[in-house]
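The structure appears below as structure tokens.
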Amino acid sequence: MSLIVFGIHLAFLGYLIYRSGYIPWILGIALFIAGLGWMIAGVGPYVLPNAKLDFTLITAFGEVFFILWLWIRGWKVQEPTARSSDH
């Protein structure tokens with residue numbers, strides 16, 4: 001059951017990354033897919049006990065790409081420019 005909670009966490013993190021301007025949106029999509037994969041892996045044995053869910057381990061690559069991006073480019077991230085508001 002902890003994989004389901006972890007998957008929800010990754011899905012929310014992926015959504016936030018997708019919406020932010022700090023990190024490339026493709027990493028947000030990859031993390032969202034990784035979250036879905038972990039949720040399927042957590043629920044799969046209970047919902048579909050005879051199904052082959054080996055593909056869900058492939059979704060973990062989104063986490064690896066996110067870690068690599070943080071190591072290589074993450075420390076150079078600058079704040080996005082502020083949008084002009086019409087008040």
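Below, the figures for the structure above:
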| item | result |
| --- | --- |
| Subset of segment 28-42 (residues that are over 9 Å from the mean Cα position of the chain (by Cα) and surrounded by fewer than 23 Cβ atoms within 10 Å (Cβ to Cβ)) | 39, 40, 41, 42 |
| Out of 35, 21, 7, sole residue that is touching a residue at least 12 places away in the same chain (Cβ under 8 Å) and in a loop (DSSP other than H, G, I, E, B) | 21 |
| Residues of segment 50-63 classified as at pLDDT 80 or above and over 15 Å from the mean Cα position of the chain (by Cα), total | 1 |
| In segment 38-49, the residues that are free of Cβ contacts under 8 Å to residues at least 40 places away in the same chain, farther than 16 Å from residue 67 by Cβ and assigned to a helix (DSSP H, G or I) | 39, 40, 41, 43, 44, 45, 46, 47 |
| Test: residue 27 is modelled with pLDDT of 80 or more, in a helix (DSSP H, G or I) and in contact with a Leu (Cβ under 6 Å, 6 or more places away or on another chain) | no |
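The values are calculated or read from the model by the stated rules, or taken from the named source; none is laboratory data. It should be emphasised that the depicted structure is a prediction, and the values quoted were computed from it without experimental measurement. Quick reminder, even Gly has a Cβ in these numbers, built from the backbone with ideal geometry, and neighbours come from all protein chains shown.
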